[in-house]
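A.B. asks: Would you mind keeping the following structure in view while I ask a few things?
The values are calculated or read from the model by the stated rules, or taken from the named source; none is laboratory data. The shown structure was predicted, so the numbers you read here are calculated from the model rather than taken from an experiment. Note that each Cβ is placed from the backbone with ideal geometry, even for glycine, and that neighbours are counted across all protein chains shown.
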Amino acid sequence: MARKSSNRIWWIVGGIMLVLVTGLVVAKQVGWIGQTKPLEVELSTVKQADIIERVSASGRVQPEVEVKLSPDVSGEIIGLYVEEGDSVVKGQLLLKIRPDNYESLLARAQASVNSSKASYEQARAQQAQTEARLIRAKADFDRNRKLFEDKVVSAADFEQIRANYEVAQQEIEAAKANVQAAQFNIRSAEAGLRDAAENLRKTTIFAPVSGIISLLNVEVGERVVGTTQMAGTELMRIANLNNMEVRVNVNENDIVRVALGDTAEIDVDAYSSIDRKFRGIVTEIANTASGLAASGAATSTSADAVTEFEVKIKILNESFRDLMGSRGKKTYPFKPGMTASVDVITERKSNVLSVPIAAVTTRDTTAVTPTEEERPQAANNQQNQAALTKAVPVKEVVFVMKDGKAQRREVTTGISDFENIEVVSGIQAGEQVVSGPFSLVSKRLKDGDLVEKKKPEEKKDQKVSNEN
């Protein structure tokens with residue numbers, strides 16, 4: 001009996017072992033054990049879409065034309081006939097500077113002209129007297145020369161008469177020079193008179209152009225400095241607020257995509273609350289980076305410094321004409337200095353193959369070992385021992401989900417917007433590409449990895465609420 005009981009136990013144990021082995025084999029074949037857990041990923045479908053490539057920048061609204069007025073003469077303001085915001089026309093009187101000193105200078109200059117003219121007349125009279133003396137000396141010289149030849153006049157007397165004649169000739173030349181000098185003095189005095197008259201005229205300042213007084217820096221009674229020898233006081237600015245532009249700084253990586261005539265969408269912060277956007281067009285692109293023109297090309301800059309170029313974008317009048325009508329004739333929708341954001345549309349493409357930007361990443365291709373012919377040359381390069389391997393350029397890739405695995409595809413991309421990027425080649429419409437998570441796509445995901453679609457967060461939340 002004991003022997004039969006022992007055999008029965010062994011049969012039971014053997015049966016259990018057989019069942020366990022069979023279960024393990026079946027579980028492995030089915031995939032319940034022995035396989036890596038798939039990575040949860042976000043999937044997107046390759047589809048046709050319209051892509052608008054944009055360059056974004058921010059800046060300030062400024063008038064297209066703004067004239068800064070500074071005085072040419074110094075003095076005290078005794079009359080100010082405009083206020084900030086007033087509309088003026090070309091030639092309109094703006095302000096007056098006290099003219100007393102300049103009137104005195106003008107009178108002094110006029111007196112100097114009169115004195116020079118009197119000196120000129122005196123020099124002419126002296127010239128006439130000198131000419132008369134020359135005629136008399138010449139007559140005496142001619143008469144006494146015959147007498148000297150006839151031995152009537154002594155040699156000493158004749159030499160004296162000849163000397164007088166030569167002195168008279170020199171005096172006439174000096175008299176002519178004095179007359180010419182007096183003429184030059186008159187011209188100099190007249191130039192001083194014109195200068196004094198011009199300085200007196202400049203004490204009254206008129207509007208050089210028509211527009212709006214966009215900035216007024218002075219009041220009656222203030223003293224201002226002229227611009228003859230130094231940077232003068234800025235009195236005011238006159239701007240045409242009908243023609244406004246946005247001046248933005250564009251990064252050097254984006255400036256190559258911006259061209260004259262590109263259209264733009266302008267968002268002025270003052271109108272963000274009503275979600276109003278305006279249209280514009282690129283009218284000017286700087287050829288020199290901001291800051292380099294003033295500091296000079298030879299100035300060294302920090303490696304971390306951002307290089308930007310100024311771009312001017314005209315705000316099209318038809319995009320804000322309705323605001324002009326609602327605000328009246330004397331007010332304008334934009335004021336100099338308003339903050340604005342700009343999206344310059346650099347290119348448009350319709351119905352092109354596209355994927356989310358997050359789906360496109362880069363991968364380094366495996367290094368290639370040099371051939372036997374190339375190895376000695378690379379080994380002799382002591383400065384770069386890394387030349388023993390040749391690095392293949394980085395490629396743009398996407399990961400396509402196929403049969404539960406991530407399949408790497410090299411792609412060629414085109415333009416992009418804030419969400420999608422054009423794919424020129426490498427994938428087809430309708431395929432599923434991995435678009436997230438970002439850290440997985442950009443670094444960890446490899447060709448052949450098991451993947452599965454990530455479950456929506458909403459379903460997980462519903463499951464948790466049902467369990468509660």
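A.B. asks: Please go through the stretch 327-352 and pick out each residue that is assigned to a strand (DSSP E or B), of a type outside the set (S, T, N, Q) and at pLDDT 90 or above.
C.D. replies: Narrowing the stretch 327-352 to residues assigned to a strand (DSSP E or B): 339-352.
From what's left, of a type outside the set (S, T, N, Q): 340, 342-345, 347-349, 352.
If the condition is that a residue be assigned to a strand (DSSP E or B), of a type outside the set (S, T, N, Q) and at pLDDT 90 or above, then 340, 342, 343, 344, 345 are the ones that fit.
A.B. asks: If only one of 221, 226, 192, 211 is within 60 Å of the chain's Cα centre (by Cα), in contact (Cβ under 8 Å) with a residue 24 or more places away in the chain, on the phi > 0 side of the Ramachandran plot and buried (at least 17 other Cβ atoms within 10 Å of the Cβ), which one is it? Don't jump to the end; show me each part of the working.
C.D. replies: Details: 221 fails: buried (at least 17 other Cβ atoms within 10 Å of the Cβ); 226 fails: on the phi > 0 side of the Ramachandran plot; 192 fails: on the phi > 0 side of the Ramachandran plot.
Among 221, 226, 192, 211, only 211 is within 60 Å of the chain's Cα centre (by Cα), in contact (Cβ under 8 Å) with a residue 24 or more places away in the chain, on the phi > 0 side of the Ramachandran plot and buried (at least 17 other Cβ atoms within 10 Å of the Cβ).
A.B. asks: Moving on. At pLDDT below 90 and either out of contact with any strand residue (DSSP E or B) (no Cβ under 6 Å at 6 or more places or on another chain) or assigned to a strand (DSSP E or B) (or both), is that true of residue 282? If you could, list the steps in order and put the result at the bottom.
C.D. replies: Details: at pLDDT below 90: no; either out of contact with any strand residue (DSSP E or B) (no Cβ under 6 Å at 6 or more places or on another chain) or assigned to a strand (DSSP E or B) (or both): yes.
The answer is no for residue 282.
A.B. asks: Can you list the strands (runs of 3 or more DSSP E) found entirely within the stretch 176-253 that contain at least 1 residues being closer than 30 Å to residue 306 by Cα? Let's see the steps before the verdict.
C.D. replies: Details: elements: 204-206, 211-216, 236-239, 244-251.
By residue number, 244-251.
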